[in-house]
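Comments concern the structure below.
The values are calculated or read from the model by the stated rules, or taken from the named source; none is laboratory data. What you are looking at is a predicted structure, and each value in this text was computed from that prediction instead of being measured. Note: ideal-geometry Cβ built from the backbone for every residue, glycine included; neighbour counts use all protein chains shown. Each accessible area value is taken on the protein alone, full model and side chains, heavy atoms only, with ligands, DNA and RNA left out. Shrake-Rupley method; radii C 1.70, N 1.55, O 1.52, S 1.80 Å.
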Amino acid sequence: MYKYKVSILGTGFIGLCSAACFAKKDIKVIASTHNKKKADLINSGKAPFYEENLQEFMDDIKQNKPELLTCILDPVQAVIDTDISMITQGTPMREDKSINLGFIESTAREIGEALKKKDGYHLVVVRSTVVPGTTRNLVGKIITEISGKEPGKDFGLCMQPEFLAEGRSIEDTLHPDRIVIGEFDKKSGDMLQEFYEYFYGDHLKNCPILRMNLESAELVKYGNNCLLSTKISFANEFANFAELVPNVDVVQVMKGVGLDYRINPRFLGAGVGFGGSCFHKDVNAIKAWAKSKGYTSRLLEAVLAINDDQAIHIVDIAEELVGKLAGKKVTLLGLSFKPGTDDMREAPSIRVVNELIKRGITDITGYDPKAKETAKEVFGDKIKYADSIEEALKDSECAFLITEWDEFKKLTPDDFKKNMKTPNLIDGRRIYDYDLFNKELNFRAIGRR
Ligand code: UGA
């Protein structure tokens, strides 16, 4: 009845956004999670987290074809009832910063249990970010041990890295710039390619499909996130160079660099540094993996160190401008790791708050249009939470722009002057017109002196 039946094992950003996009295209999706509350929400057509356009997609599916997307608490059954299973579990960072493959391992066991009971060929696709060797030596081996089935004969095995960014998950899922298929054997890769030919149709005219072995595909994903992180740290290194010379502006410098057709201007934005659930986790994971094989990555060590130093640096800039901040009210505009999300994972605001507290600053107020509740989980009562920009700036003696939400971009020098006790502003994302703000306020910005 359905051309494809797919089980999605893991209902985070990748899992649920793929599930919703597939279901919209008449693919029967059975998602699975061990979290009953999440399953109930999905089955009632509600997105369990905020992601642009996801709720609209889920509304449409619920209204028109609810049977196409269901979520159950039994992953074994989900695999048994489908032909393709995608592992979309998280691979968090351990205490020692290496990768935690615990969720991947338990999902592989569940697939093994299912395949033991299931007849016919089944394709298993790892879409989580995993260090090289995981798909073959962990996932493939566990499934074989438990099910007694052979990869390449009884089941297919692929690794398809995912490149979607939070806030763009649906858009990125629908319009990828390439599809990377790591394959155990040709038959596995052919089956996944046919699935995507069906799902994407005409879009594939502009979207190359790259076929390679499992380990190369696993490494492509790290290549991506490490290069993007490196570009940001490179821009921040040049921001520090720019600050050594009066009136050199890193924004202009990076624009000049980025227009080289071999480079491109994206991810050359200097500022208070990168955050989020992926860059720190993945750069650390591949660095730890290389170390375990006897190779020390000096490049990635520098990328992380430069990034994390930006939070110290922005506080240095503030104290240069204002003098010691202890005893003064300071304001953080933006707390989430980037605009468009309430996600606080590895957010630069956390490093800035830690640095402020280390320097004895206790009167810290944060304002974020979306992340108030998630920030509370991180900071507790270490900071105060304002409900508006005005409240955040009231009586403040120094404001830090940390996340470039649109509502902060609209602020004028007057907004700071009329609300703050003394209008000192540090632009940690380079969103303000330097000359205008510098004329009107006590103003500093990362990457320009
Ligand atoms: C990132 C990648 O962009 C995705 O391709 C990848 O699939 C995803 O990780 C993942 O591995 O799951 P994401 O973490 O959602 O996506 O967010 P980005 O938009 O990449 O931003 C990450 C951080 O870099 C943010 O804190 C942002 O403020 C910072 N950034 C970005 C800069 O500091 N400067 C820039 O020029 C660009």
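How large are Rg and Dmax for the range 2-55 when only the alpha carbon atoms are used, in Å?
Computed over the Cα atoms of the range 2-55, radius of gyration and Dmax are 10.6, 30 Å.
By a straight-distance test (C-alpha under 19 Å), which aspartates and glutamates pair with Lys65 as possible cross-link partners, with residues fewer than eight away in the same chain excluded?
Hits, sequence-local ones excluded: Asp26, Asp40, Glu56, Asp81.
Please compute, over every Cα-Cα pair in the chain, the percentage with a separation greater than 44 angstrom.
Details: 19265 of 100576 pairs.
Here the long-distance tail beyond 44 Å is 19 percent of all Cα pairs in the chain.
Using mean Cβ contacts within 10 Å as the protection proxy, how do 266-272, 221-227 order, highest first?
Details: 266-272: 20.7, 221-227: 18.4.
Ranking the peptides 266-272, 221-227 by packing returns 266-272, 221-227.
What percentage of the solvent-accessible surface of the range 38-146, computed with a 1.4 Å probe over protein heavy atoms, is contributed by carbon and sulfur atoms?
Details: 2280 of 4730 Å².
Exposed carbon and sulfur together represent 48 percent of the surface.
Return the carbon/sulfur percentage of the accessible area of the range 227-364, one whole number, probe 1.4 Å, all protein chains in place. Please report the intermediate quantities before stating the final value.
Details: 3780 of 6300 Å².
Here it works out to 60 percent.
Kindly write out, for the range 89-94 in residue order, the coupling ³J(HN,Hα) from the Karplus curve 6.51 cos²θ - 1.76 cosθ + 1.60 (θ = phi - 60°), rounded to whole Hz, with x marking Gly and Pro.
6, x, 10, x, 8, 6
Using a Cα-Cα cut-off of under 19 Å, which aspartates and glutamates could be cross-linked to Lys291, ignoring same-chain neighbours fewer than 8 residues away?
Glu95, Asp96, Glu215, Glu218, Asp282, Glu301
Hey, what's the Kirkwood Rh for the range 153-278 if you take every pair of different alpha carbons, in angstrom? Intermediate results must be reported in sequence, preceding the final value.
On the way: mean 1/r = 0.0587 Å⁻¹.
It is 17.0 Å.
Could you give the size of the charge dipole of the chain about its Cα centre, using +1 on the Cβ of each K and R and -1 on the Cβ of each D and E, expressed in debye and rounded to the nearest 20? Don't jump to the answer; show the numbers that get you there.
Working: 63 positive and 67 negative charges, 129 e Å.
Its charge dipole is roughly 620 debye.
Which entries of Lys255/Lys376; Lys62/Lys370; Lys221/Lys358; Lys281/Lys421; Lys37/Lys410 show an alpha-carbon separation above 28 angstrom in the structure shown?
Working: Lys255/Lys376 37 Å; Lys62/Lys370 26 Å; Lys221/Lys358 36 Å; Lys281/Lys421 39 Å; Lys37/Lys410 39 Å.
Lys255/Lys376; Lys221/Lys358; Lys281/Lys421; Lys37/Lys410, as the Cα separations exceed 28 Å there.
Write out the trypsin sites (Lys or Arg not before Pro) in the range 146-181 meeting two conditions: DSSP loop, and at most 14 other Cβ atoms within 10 Å of their Cβ.
Lys153, Arg178
What base-10 log of the normalised intensity I(q)/I(0) is obtained for the range 91-198 from the Debye formula, alpha carbons as equal point scatterers, at q = 0.12, 0.21, 0.23 Å⁻¹?
Reported log10 I(q)/I(0), two decimals: -0.45, -1.16, -1.26.
Residue-wise, which Karplus ³J(HN,Hα) couplings in Hz belong to the range 364-371, taking 6.51 cos²θ - 1.76 cosθ + 1.60, θ = phi - 60°, and x for glycine or proline?
Working through the residues one at a time gives 10, 10, x, 9, 9, x, 10, 9 Hz.
In whole angstrom, note down how far apart the Cα centers of the range 393-449 and the range 165-225 are.
Their Cα centres are 42 Å away from one another.
Compute the separation of the alpha-carbon centres of the range 127-147 and the range 284-314 and state it in Å as a whole number.
About 26 Å separates the Cα centre of the range 127-147 from the one of the range 284-314.
Above 22 Å lies some portion of the pair distances; for the range 1-139, what is it as a whole percent of all C-alpha pairs?
On the way: 3464 of 9591 pairs.
Looking at the range 1-139, the distances longer than 22 Å represent 36 percent of pairs.
Could you state the number of Å between the C-alpha centres of the range 1-61 and the range 315-356?
Result: 36 Å between the Cα centres.
Between Asn442 and residues 5 or more places away or on another chain, which pairs have amide H atoms under 5 Å apart, with H built 1.01 Å from N, and which residues are they?
Leu425
Considering only Cα-Cα distances, which of the following residue pairs are longer than 26 Å: Lys116/Lys187; Lys384/Lys417; Lys46/Lys231; Lys25/Lys205; Lys149/Lys186?
Numbers: Lys116/Lys187 21 Å; Lys384/Lys417 21 Å; Lys46/Lys231 37 Å; Lys25/Lys205 18 Å; Lys149/Lys186 18 Å.
Too far apart for the 26 Å limit: Lys46/Lys231.
Throw me the Rg/Rh for the range 192-336, computed over C-alpha atoms with Kirkwood Rh, two decimals. Before the final figure, lay out each step's value.
Numbers: Rg = 19.8 Å, Rh = 18.4 Å.
Looking at the range 192-336, the ratio lands at 1.08.
Work out the charge dipole of the range 12-142 with +1 on the Cβ of Lys and Arg and -1 on the Cβ of Asp and Glu about the Cα centre, then indicate which of Gln55, Val131, Asn35 is farthest towards its positive end.
Comparing the listed Cα positions along the dipole, Val131 ranks first.
Please compute the per residue accessible area over the chain with all protein chains in place, 1.4 Å probe, rounded to a whole number of Å². Mind showing how you got there, number by number?
Numbers: 19680 Å² over 449 residues.
Accessible surface, normalised per residue, equals 44 Å².
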